[in-house]
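Heads up: the structure comes next, in structure tokens.
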Amino acid sequence: MKFFSASNVRDDIKKFERKYKRYYPIFLLLESLFLTTNVLTPLLIKKTIDSAFYRGSVEEVALFSILYFVVLVSQSFIMYRLNFSVAKHLLNASRAKESKGAYAKILTLPLSFLNSRNTGDYLSIFMRDIPKVASGVYLARLQFFFNLGFFLVVLSLLFILNVKLALVVLASIVLFFVSTSILKKMVIRTSQRDQEAYQRFLKRSREVVEGTPVLKQFSGLLFLRDFLDSSAREWSRASIIHSTVNELSNRNIEMNRWVGSTIVLAFGVYLLWKGEISVGTLLAFESYMNWIYDIVRMALTGLTTFFSTVPNWENFTRVFSLPFERASGIDLERFEKLQLKNVHFKYDETPVLTGLNFEINSGDKIAIVARSGAGKSTLVSLFNRLLSPTEGEILINGVPIEQYSLQSLRRNIVLVRSNDILFDTTIKNNITLFEDFPEDEIENVLKMCECDFVKELENGIDTVVGERGTRLSDGQRQRIVLARALIRKPQVLILDEVTSGVDSETEEKILEKILNEIETVIIVSHRLSTIKKASRIIVLNDGRVEAEGTHEELMKKSPLYREIVKSQLMR
Ligand SMILES: Nc1ncnc2c1ncn2[C@@H]1O[C@H](COP(=O)(O)OP(=O)(O)OP(=O)(O)O)[C@@H](O)[C@H]1O
Ligand SMILES: [Mg+2]
């Protein structure tokens, strides 16, 4: 899908540049110093040699030699290192900052949007697009403009030194351009021929293998020679031509340097002989010739690299143009009532909930029961706007749920899911998520969640749990996830199969405490002992409420409930 036209990308690039403008001066300064020393070296060679040759002044020779030495050292050592590390620093700074920005943006996207995309899409923005965008702007563009500017400076200098010889240099650069573009075309063409010849050879090989019975019967050696060998020879010829041209193209810059240097040297000696230039000027020209092709090549590389990052720009900026959740709104102070009115929900085109109506009041202890895949997890995600209904309305205390601020909604109505992850940090950080909570509160929730095992770990609550909490068992992980919710003292707690990995005895103890402590509890569970604790059970079927009541009532009146109890619930 195409999200951006070229002009949008241009605007985005401008915005991005404005953000990092303050880095430019130092970068430009260093780069200019580096390049100036490059321009200076051949000129100092000229000065040194001409002083010795034409004026015989020992002092001047000594002075220019020293200057030459200083410039060389500063150029290759100080400037190179400094320039390199500053560029790297800028690159890393922008990469880190943009990654953070992109991540903060992803946090504000509706869950339904994230659900419908691959995690890989987002990861690749961090891993591939952001680094490319950063290097595209910093390195590639600067590389292009710098080398272009540098080339123009050197060229003007050459024209000042000697017009005729400068024209020869210019002609050799033009030759470089022309030969580069011809060779590029040849590389593409010969590569195509190589591919085609290979395909033909492959096709014939397959036919020969398939036709082995026929060839055995008729002693097919001649056939092999004429049918297979000829195409093999054709392929190898095309292959050799392609690699030769490719090698030529790779060596093009050196060949041009040889040819260019030779022509400049020959023509320069002629001008020297005619007395139009000095020995120093000739040597300065030769010295410039050595790297002028590199400058041109780097400018071109910068340009192509920059244009090749345009798709990365598009991916990167796409994240910033996505719809985000409306976060502001009124505060939810006291939860009294949650009402669902004709609520529908679809993932893309697949309907999951099709017209739900029910109410949950403060103080209720509700269990939601349905077959697997019926939409329980989807339904409970609607209660704090992790998902939004595609049709119908959800009211809290009689006010549409969208009117509450997301922060206060999610602070008071907390959803815990069995697959909620732990991060690779300490147990304590996983519970607090880096918010400040008093130590005794942390201990308190650990007790509530029957987390005695934490004390036995080497570092107690400061034990690092490993990626996704892999160093803990499923049941231990789930209890820490639960503690993360409980420490926030929610008014409404929704548990979506949170204690499925905990043995039923421990689960019972935990639930007992939660039901006492938290005012309103909604539980999705596959365990009969858990469901029975609810004061009201809601049975879902085909996206609607099939029946409501206590366990005893439902056993009497709902065949679906009876069936689920019999076949799907653990006791
Ligand atoms: N992100 C998603 N994108 C598309 N379809 C989804 C997505 N998540 C769930 N579904 C589909 O929606 C339906 C309901 O899923 P949901 O997870 O709500 O069921 P559930 O009742 O919680 O099941 P379980 O008891 O197995 O946890 C399923 O058919 C599922 O395939
Ligand atoms: Mg589920």
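The values are calculated or read from the model by the stated rules, or taken from the named source; none is laboratory data. Keep in mind the model is a prediction, meaning the values are calculated, not measured. Positions of Cβ are generated from backbone atoms using ideal geometry, with glycine treated the same way; all protein chains shown enter the neighbour counts.
Filtered by the rule that a residue be under 38 Å from the mean Cα position of the chain (by Cα) and buried (at least 19 other Cβ atoms within 10 Å of the Cβ), the range 353-376 gives Leu353, Ala374, Gly375, Lys376. When the criteria are applied in full, Asn430 fails the requirement of being away from ligand 1 (no atom under 12 Å from the Cβ) and surrounded by fewer than 16 Cβ atoms within 10 Å (Cβ to Cβ). For beta carbons closer than 8 Å, sequence separation of 6+ or different chains, a first residue in the range 370-381 that is assigned by TED's automatic domain parsing to the domain that holds Thr350 and a second that is more than 7 Å from ligand 1 (Cβ to nearest atom) and among the aromatic types (Phe, Trp, Tyr), the qualifying pairs are Gly375/Phe345; Thr378/Phe345; Leu379/Phe345. Taking the conditions (1) within 16 Å of ligand 1 (Cβ to nearest atom); (2) out of contact with any helix residue (DSSP H, G or I) (no Cβ under 8 Å at 6 or more places or on another chain); (3) assigned to a helix (DSSP H, G or I) in turn, Val545 satisfies each one other than (3).
In the set (1) within 16 Å of ligand 1 (Cβ to nearest atom); (2) out of contact with any helix residue (DSSP H, G or I) (no Cβ under 8 Å at 6 or more places or on another chain); (3) within 30 Å of Met127 (Cβ to Cβ), the condition left unmet by Phe307 is number (1).
Based on this model, can you work out whether Ile431 counts as of a type in the set (A, V, I, L, M), free of Cβ contacts under 8 Å to residues at least 24 places away in the same chain and assigned by TED's automatic domain parsing to the domain that holds Leu482?
Details: of a type in the set (A, V, I, L, M): yes; free of Cβ contacts under 8 Å to residues at least 24 places away in the same chain: no; assigned by TED's automatic domain parsing to the domain that holds Leu482: yes.
Here the answer is no, as Ile431 does not meet what is asked.
Taking the range 334-368 as the range and being over 19 Å from Leu386 (Cα atoms) and of a type in the set (Ser, Thr, Tyr) as the test, only Ser362 passes. Residues of the range 532-542 that are more than 13 Å from ligand 1 (Cβ to nearest atom) and either assigned to a helix (DSSP H, G or I) or more than 25 Å from Glu336 (Cβ to Cβ) (or both): Lys532 alone. Screening Ile494 on (1) away from ligand 2 (no atom under 16 Å from the Cβ); (2) at pLDDT 90 or above shows it passes everything except condition (1).
On the given criteria, is Asp420 surrounded by 13 or more Cβ atoms within 10 Å (Cβ to Cβ), in the same structural domain as Leu495 (by TED's automatic domain parsing) and touching an Asp or Glu at 6+ places or on another chain (Cβ under 6 Å)? Judged against the criteria, Asp420 is not a match. So in the range 453-508, with the set limited to residues that are within 16 Å of ligand 1 (Cβ to nearest atom) and in a loop (DSSP other than H, G, I, E, B), which one is farthest from Asp364 (Cα to Cα)? Within the range 453-508, the match that is farthest from Asp364 (Cα to Cα) is Gly501. Scanning the range 54-71 for residues that are farther than 20 Å from Leu29 by Cβ and surrounded by 12 or more Cβ atoms within 10 Å (Cβ to Cβ) yields Ser57, Glu60, Val61, Ala62, Leu63, Phe64, Ser65, Ile66, Leu67, Tyr68. Within the range 509-531, restricting attention to residues that are part of a loop (DSSP other than H, G, I, E, B) and more than 13 Å from ligand 1 (Cβ to nearest atom), the residue that is farthest from the chain's Cα centre (by Cα) is Glu519. Evaluation of Lys376 against the conditions (1) at pLDDT 90 or above; (2) touching a helix residue (DSSP H, G or I) at 6+ places or on another chain (Cβ under 9 Å); (3) on the phi < 0 side of the Ramachandran plot shows that the sole unmet condition is (2). Give me the pairs: first residue in the range 241-253 and in the same structural domain as Gln192 (by TED's automatic domain parsing), second residue surrounded by fewer than 14 Cβ atoms within 10 Å (Cβ to Cβ) and assigned to a helix (DSSP H, G or I), beta-carbon distance under 7 Å, and six or more apart or on different chains, which are they? Filtered contacts from the range 241-253: Ser249/Lys184. Does the range 285-303 contain at least one residue that is assigned to a loop (DSSP other than H, G, I, E, B) and not hydrophobic (A, V, I, L, M, F, W, C)? Within the range 285-303, none of the residues are assigned to a loop (DSSP other than H, G, I, E, B) and not hydrophobic (A, V, I, L, M, F, W, C).
Taken together, Ser500, Ser558 contain a single residue that is at pLDDT below 90, polar (S, T, N, Q) and at negative phi, which is Ser500.
Residues in the range 340-350 that are surrounded by fewer than 17 Cβ atoms within 10 Å (Cβ to Cβ), within 17 Å of Ile394 (Cβ to Cβ) and within 16 Å of ligand 1 (Cβ to nearest atom): His344, Lys346.
Only one of the numbered conditions (1) assigned to a helix (DSSP H, G or I); (2) within 16 Å of ligand 1 (Cβ to nearest atom); (3) not basic (Lys, Arg) is violated by Leu356, and that is (1).
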